Amino acid sequence: MSTAAPTAPAASTAKKWTCDHCGVAVSRMGGEKVELPETWDASAEGTYCLICRRERAAQAALDGAPQGSPLDVRAKLRRAALIEFEVSRRPDHGDGVIAKACRSSVSAVAAARQRLKLPAPGQPCK
Ligand SMILES: [Zn+2]
């Protein structure tokens with residue numbers, strides 16, 4: 001019996017990564033070990049693909065909403081959570097890039113960035 005590590009290591013390899021939520025799997029032909037995809041997250045809670053990570057972020061925001069919140073309030077919370085998720089996932093990306101990814105507006109992304117107290121990204125290299 002070995003001492004159990006309290007948390008999973010940040011970067012690890014496995015023959016196959018399977019999302020605990022949707023079951024999508026990442027592996028390499030030939031069975032070589034692959035690193036956890038950059039967009040995935042493996043923690044004590046489980047391993048999740050990007051889509052499910054987004055979904056969980058949105059769900060967490062909805063779980064925090066008061067009971068019986070109207071639909072539009074919930075939709076707003078969900079959208080804000082998705083933007084916040086994207087901004088914190090890649091704070092170095094420009095607001096415009098993230099806005100596009102979230103199908104949102106640049107100002108909504110900038111507001112999320114302020115809420116999270118994340119600095120504005122540097123000028124992107126072109
Ligand atoms: Zn998934």
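The values are calculated or read from the model by the stated rules, or taken from the named source; none is laboratory data. All values derive from a computational prediction rather than experimental measurement. Glycine also receives a Cβ, built like all others from the backbone with ideal geometry; neighbour counts cover every protein chain displayed.
Could you check segment 80-126 and list, in sequence order, the residues that are of a type in the set (Ser, Thr, Tyr) and touching a Leu at 6+ places or on another chain (Cβ under 9 Å)?
Those that are of a type in the set (Ser, Thr, Tyr) and touching a Leu at 6+ places or on another chain (Cβ under 9 Å): Ser88, Ser104.
Looking at segment 24-32, can you tell me whether even one residue there is under 22 Å from Arg90 (Cα atoms) and either within 16 Å of the ligand (Cβ to nearest atom) or modelled with pLDDT under 95 (or both)? Before you say what the answer is, go through the steps one by one.
Here is the first cut: in segment 24-32, the residues under 22 Å from Arg90 (Cα atoms) are 26.
So of that shortlist, the ones also either within 16 Å of the ligand (Cβ to nearest atom) or modelled with pLDDT under 95 (or both) come out as 26.
Scanning segment 24-32, I find at least one residue that is under 22 Å from Arg90 (Cα atoms) and either within 16 Å of the ligand (Cβ to nearest atom) or modelled with pLDDT under 95 (or both), so the answer is yes.
Looking at (1) at pLDDT below 95; (2) exposed (fewer than 14 other Cβ atoms within 10 Å of the Cβ), find the lone condition where Cys102 falls short.
Evaluating Cys102 over (1) at pLDDT below 95; (2) exposed (fewer than 14 other Cβ atoms within 10 Å of the Cβ) leaves (2) as the failure.
Only residues that are under 9 Å from the mean Cα position of the chain (by Cα) and either closer than 20 Å to Ala110 by Cα or polar (S, T, N, Q) (or both): list them for segment 48-82, please.
Answer for segment 48-82, where residues must be under 9 Å from the mean Cα position of the chain (by Cα) and either closer than 20 Å to Ala110 by Cα or polar (S, T, N, Q) (or both): Arg54, Ala57, Leu82.
Among the numbered conditions (1) of a type in the set (D, E, K, R); (2) within 13 Å of the ligand (Cβ to nearest atom); (3) at pLDDT below 95, tell me where Arg56 comes up short.
So Arg56 meets the others, but not (3).
Is one or more of the residues making up segment 16-32 β-branched (Val, Ile, Thr) and assigned to a helix (DSSP H, G or I)?
The answer is no, given that none of the residues of segment 16-32 is β-branched (Val, Ile, Thr) and assigned to a helix (DSSP H, G or I).
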